[in-house]
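S.K.: Sharing a structure below in structure tokens format, with a few things to ask.
Nothing in this text is a laboratory measurement; each read-out follows from the coordinates by a stated rule. If you're wondering where the values come from, they're calculated on a predicted model, not measured in any experiment. We place every Cβ from the backbone using ideal geometry, glycine too, and count neighbours over all the protein chains shown.
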Amino acid sequence: MNRYMKKVKDHYYHKARKEGYRARSVYKLQEADARFHFLKRGSNVLDLGACPGSWSRFAAQKVGHEGVVIAVDINKMEGLGPDVIFLRRDIFKLEPAELQEILPDGSRFDVVLSDMAPKTTGNRGVDHLRSMGLAETALWFAQSLLTPGKGAFYCKVFEGGELQSFRQQCQQVFQSVKTFKPKSSRSESVEIFLFCRNRRAES
Ligand SMILES: C[S@@+](CC[C@H](N)C(=O)[O-])C[C@H]1O[C@@H](n2cnc3c(N)ncnc32)[C@H](O)[C@@H]1O
């Protein structure tokens, strides 16, 4: 890490501490929302890979009491307050229907977020493939839970050979797919985000 990157890390780290967020990663969501405007008052949001909770907290602030944030993580998470419903689950052992049942009758999800990341091994190819497995599963949740003609899906992936194929899968499910690298994501990081909007009716 060079001196400039260290400075960037310090800036976002201290900003997050000052603003009461548990992780600097909150700005990767905040920047996307500032660009694409998808977190709205009253929205129902699913946050996959939510621990330690900065995305969930930001989403809960945006949707207000009229909306719902359901956060899922394989790890334990506490103390996010009454506005976030937390499920400690492995997404590979979870069904979309279980999440749909949590929403009030007649409600649907408006937004699916995934900041999921595998435990890194140091082998870039292995880490990429594991990240793709998480991202494809997140896409399946988005496809299953979002309303045709509507919805937003914001998903982290590690760059690598399968990314193009994943992007094509997203294009089959959504009318619009954009690649986004937030400023708060370190330039040397292999992570990149896809922002997808409007689930295709036929998907
Ligand atoms: C980078 S962190 C998320 C940070 C979060 N967005 C925030 O701002 O606080 C990635 C998370 O993905 C979770 N994760 C990885 N694999 C998972 C799985 N199979 N099921 C559920 N969560 C998973 C990890 O436990 C980890 O907490």
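S.K.: In Å³ and rounded to a whole number, note down the convex hull volume per residue for the Cα atoms of the stretch 3-199.
M.R.: 116 Å³
S.K.: Place a +1 charge on the Cβ of each Lys and Arg in the stretch 79-165 and a -1 charge on the Cβ of each Asp and Glu, then give the dipole magnitude about the Cα centre in debye, rounded to the nearest 20.
M.R.: Once rounded to the nearest 20, the dipole reads 220 debye.
S.K.: Place a label point 7 angstrom from the Cα of Asp83 along the Cα-to-Cβ direction, then list the residues of the stretch 59-77 whose backbone nitrogen is under 17 Å away.
M.R.: 59-72
S.K.: Can you compute the FRET efficiency between Ala97 and Val126 using 1/(1 + (r/R0)^6), with r the Cβ-Cβ distance and R0 = 35 Å? Round to the nearest 0.05.
M.R.: Efficiency, from the Cβ-Cβ distance: 0.65.
S.K.: What is the spin-label model distance, in nm, from Lys40 to Lys181 if the labels are put 7 Å beyond Cα along the C-beta direction?
M.R.: It is 3.1 nm.
S.K.: Here is a further query. How much of the DSSP beta bridge set in the chain is antiparallel, as a percent to the nearest 5?
M.R.: The antiparallel proportion sits near 40 percent.
S.K.: From the helices alone, meaning DSSP H stretches of at least four residues, give me the mean residue ellipticity at 222 nm for the chain, per-run term -39500 (n - 2.57), in deg cm²/dmol to the nearest 500.
M.R.: -12000 deg cm²/dmol
S.K.: Another question about this same structure. Find the centroid of the Cα atoms in the stretch 51-107 and in the stretch 149-203, then give the distance between the two in whole Å.
M.R.: About 21 Å separates the Cα centre of the stretch 51-107 from the one of the stretch 149-203.
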